Amino acid sequence: MAIWLKRGASAEAKADADRKVRDIVEAALADIEKRGDEAVREMSNRFDGWDREDYRLSQAEIDACVDSLTAQERKDIEFAQAQVKNFAQIQRNSMKDVEVETMPGVVLGHKNIPLNSAGCYVPGGKYPLLASAHMSVITAKVAGVKRVITCAPPFQGRPARAIVAAQAMAGADAIYALGGIQAVGAMALGTQSIDPVDILVGPGNAFVAEAKRQLYGRVGIDLFAGPTETLVIADDVGCDPEIAATDILGQVEHGPDSPGVLLTNSEKFARETMAEIERLLQILPTADHARKAWDSFGEVIVADSYDEMVRIADEIASEHVQVMTAEPDYFLKHMTNYGALFLGSRTNVSFGDKVIGTNHTLPTKKSARYTGGLWVGKFLKTCTYQRVTTDEASALIGEYCSRLCALEGFAGHGEQANIRVRRFGQRNVPYAGQAEPTEQTKA
């Protein structure tokens with residue numbers, strides 16, 4: 001039986017916070033839909049202190065951001081983007097168009113068709129998260145999306161130079177200095193100056209995630225990517241308390257609502273890690289954010305066995321799961337609910353966030369139960385088609401279809417089948433509404 005040495009905020013407290021966010025987002029999106037650019041500008045002023053006539057950056061502004069990079073900064077961004085592009089291309093190559101003759105005269109197939117446009121959100125309120133530009137823009141481009149636009153909030157009163165540079169280097173077709181609800185709403189709904197997109201992608205804070213949720217259906221979305229979550233599964237063979245504590249705090253610094261969870265089979269290891277977290281919070285430069293998140297949303301769970309650890313981990317369905325145990329592949333084999341796995345102490349979530357090549361836009365709030373993270377497949381529609389090439393096949397399928405339509409009472413559907421049987425087959429099939437022929441009339 002597992003025990004909790006530390007629990008996070010109650011479900012009621014989380015639900016109350018969600019309700020407040022939901023109401024704010026609903027009102028903001030309605031305003032954007034009604035007033036367009038005027039509403040977007042007012043929100044940018046109110047939330048970001050950022051006012052412009054046109055939030056789309058000029059080519060001169062973009063070039064200035066790219067030119068501001070040092071040689072090493074540019075090399076580092078190019079390295080990270082190369083890794084992301086390489087893995088995205090491997091994923092794209094795994095998706096094949098198919099066409100097969102499933103029976104004589106019947107050809108079925110599917111095509112993987114890129115979306116026409118995508119809106120990529122790059123968060124940057126507290127930190128300029130340029131890695132999100134790689135993850136979204138490059139992945140969309142590898143998929144073949146024709147028009148890719150990006151939005152990122154200003155940073156310290158101006159366009160975030162590193163984000164803008166990364167967006168441009170990734171191949172964005174238009175770059176906007178906009179953040180939050182106003183950015184997501186403008187891309188999805190369209191305004192006088194921004195044409196709407198077909199899909200919204202990219203991580204963000206609770207307001208961005210809620211805006212995407214409310215807009216889903218009007219546009220596609222990648223997934224519900226809210227505040228960062230991390231689960232560290234560790235034991236005293238595959239890990240030590242300092243690494244476990246570092247990896248938890250390294251993620252909860254994202255913000256005060258970012259859950260960090262330790263799941264272990266050793267109470268001694270759990271308590272030593274908790275002590276190490278307290279020590280590191282005294283020296284971590286981002287301790288203000290990390291402390292609030294750890295105090296409000298941190299959890300420490302001690303389980304009896306690997307089997308119980310898997311069960312609990314699948315219930316949590318965390319965005320990031322680091323597995324640092326004596327047998328990390330046990331969790332790869334048995335776990336089913338996670339955004340991404342990081343196996344062994346040599347890797348960590350930060351590698352995935354920034355540079356290793358897998359996508360860092362991942363499901364949160366238990367949505368890992370039904371979806372994986374952002375990948376090229378999110379920018380593709382797998383659309384089927386069919387072709388019947390012989391009279392015999394059309395008549396044969398038509399006979400089956402006619403009888404099945406009759407079972408459902410769909411006369412019009414049935415007549416679509418019947419007319420093919422009459423045209424291409426040998427049987428005398430009645431028109432819709434007529435009685436089934438007798439043996440005599442068939443003869």
Practice item. Name the long-range amide H neighbours of Tyr176: under 5 Å, sequence gap of 5 or more, or other chain; modelled H, no Pro or chain starts. Key: Leu57, Thr150, Cys151, Ala152
Review point. Counting only protein heavy atoms and using a 1.4 Å probe, what share of the accessible area of region 80-180 belongs to carbon plus sulfur, as a whole percent?
Key: 55 percent
Review point. Separation of region 12-73 and region 368-391 by C-alpha centroid, Å?
Key: 33 Å
**Study point:** Stretch gain in nm, segment Lys333-Asp54, where the contour uses 0.36 nm per residue and the Cα spacing is subtracted
**Key:** 95.3 nm
Study note, to complete from the structure: With x for Gly and Pro, the residue-by-residue ³J(HN,Hα) of region 113-126, computed from phi through the Karplus equation 6.51 cos²θ - 1.76 cosθ + 1.60 at θ = phi - 60° and given in whole Hz, is 9, x, 5, 7, 8, 9, x, 10, 9, 10, x, x, x, 8
Practice item. Measure out, as a whole number of angstrom, how far apart the alpha-carbon centroids of region 227-296 and region 132-169 sit. Key: 31 Å
Exercise for review: For region 190-335, state what percent of all Cα-Cα pairs lands in each successive 5 Å bin, counting from 0 Å until the bin that includes the largest distance.
Suggested key: 2, 10, 17, 18, 16, 12, 10, 7, 4, 3, 1, 0, 0
Review point. Which residue, Asp67, Asp235, Asp247, tops the fluctuation ranking in a GNM of the chain built on C-alpha contacts under 10 Å?
Key: Asp67
Practice item. Can you tell me the equivalent ellipsoid semi-axes for region 109-191? Use √(5λ) from the Cα gyration tensor, largest first, whole Å. Key: 24, 14, 9
Revision key, fill the gap. Evaluated at 25 °C and 0.890 mPa s, the Stokes-Einstein D of region 109-254 based on the Kirkwood radius over Cα pairs, in µm²/s, stands at 151 µm²/s
Practice item. Could you please tell me the mean projected area of the C-alpha convex hull for region 1-76, averaged over all directions and given in square nanometres to one decimal? Key: 11.0 nm²
Practice item. Would you mind checking the pairs Lys20/Lys85; Lys126/Lys365; Lys20/Lys146 and listing those with alpha carbons more than 29 angstrom apart? Key: Lys20/Lys85; Lys20/Lys146
Point to revise | the chain - charge dipole about Cα centre, Lys and Arg +1 at Cβ, Asp and Glu -1, debye rounded to 20 | key: 1200 debye
Revision key, fill the gap. Taking a probe of 1.4 Å and leaving out DNA, RNA and ligands, region 247-295 shows per residue an accessible area in Å² of 44 Å²
Point to revise | the chain, helix-only ellipticity at 222 nm - DSSP H runs n ≥ 4, -39,500 (n - 2.57), divided by all residues, nearest 500 | key: -14000 deg cm²/dmol
Exercise for review: Find the Cα radius of gyration of region 40-167, compare it with 2.2 N^0.38 Å by division, and give the number to two decimals.
Suggested key: 1.39
Review point. Lys292: which aspartates and glutamates have alpha carbons under 13 Å from its alpha carbon, excluding same-chain residues fewer than 8 sequence positions away?
Key: Glu253, Asp257, Glu278
Study note, to complete from the structure: One would report the Cα pair-distance distribution of region 70-124, bin width 5 Å, in %, as 4, 13, 10, 16, 17, 12, 9, 6, 5, 4, 2, 2, 0
Practice item. Starting from the coordinates of the alpha-carbon atoms of region 297-424, obtain the Kirkwood hydrodynamic radius over all distinct pairs and give the value in Å to one decimal. Key: 19.1 Å
**Study point:** Zone of Ala2's modelled label, taken as backbone nitrogen in region 271-297 under 20 Å from a point 7 Å along Cα→Cβ
**Key:** 271-275, 294-297
Exercise for review: Would you mind computing the Rg to Rh ratio of the chain from its alpha-carbon coordinates, Kirkwood style for Rh?
Suggested key: 1.10
Point to revise | Accessible area of region 1-116 divided out per residue, in Å², using a probe of 1.4 angstrom | key: 64 Å²
Practice item. Quick one: divide the alpha-carbon radius of gyration of region 248-308 by 2.2 N^0.38 Å and tell me what you get. Key: 1.14
Exercise for review: Kindly write out, for region 331-348 in residue order, the coupling ³J(HN,Hα) from the Karplus curve 6.51 cos²θ - 1.76 cosθ + 1.60 (θ = phi - 60°), rounded to whole Hz, with x marking Gly and Pro.
Suggested key: 6, 4, 6, 9, 6, 10, 10, 6, x, 8, 9, 10, 9, x, 6, 7, 10, 6
Study note, to complete from the structure: Sequence order, region 389-405: Karplus ³J(HN,Hα) from phi using 6.51 cos²θ - 1.76 cosθ + 1.60, θ = phi - 60°, Hz rounded, Gly and Pro as x, gives 10, 9, 4, 4, 5, 4, 5, 5, 4, x, 4, 4, 5, 4, 5, 5, 5
Review point. So how tilted is helix 180-189 from the main axis of the chain? Cα-based, degrees 0 to 90, rounded to 10.
Key: 20 degrees
Check your understanding: Relative to the longest principal axis of the chain, what angle (0 to 90°, nearest 10) does the C-alpha long axis of helix 206-215 take?
Key -> 10 degrees
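The values are calculated or read from the model by the stated rules, or taken from the named source; none is laboratory data. Just so it is clear, the structure is predicted and the values come from calculations on it, not from any experiment. Don't worry about glycine lacking a Cβ; one is built from the backbone with ideal geometry, like all the others, and counts go over all protein chains shown. With ligands, DNA and RNA removed, areas are computed over all heavy atoms of the protein, side chains included. Shrake-Rupley method; radii C 1.70, N 1.55, O 1.52, S 1.80 Å.
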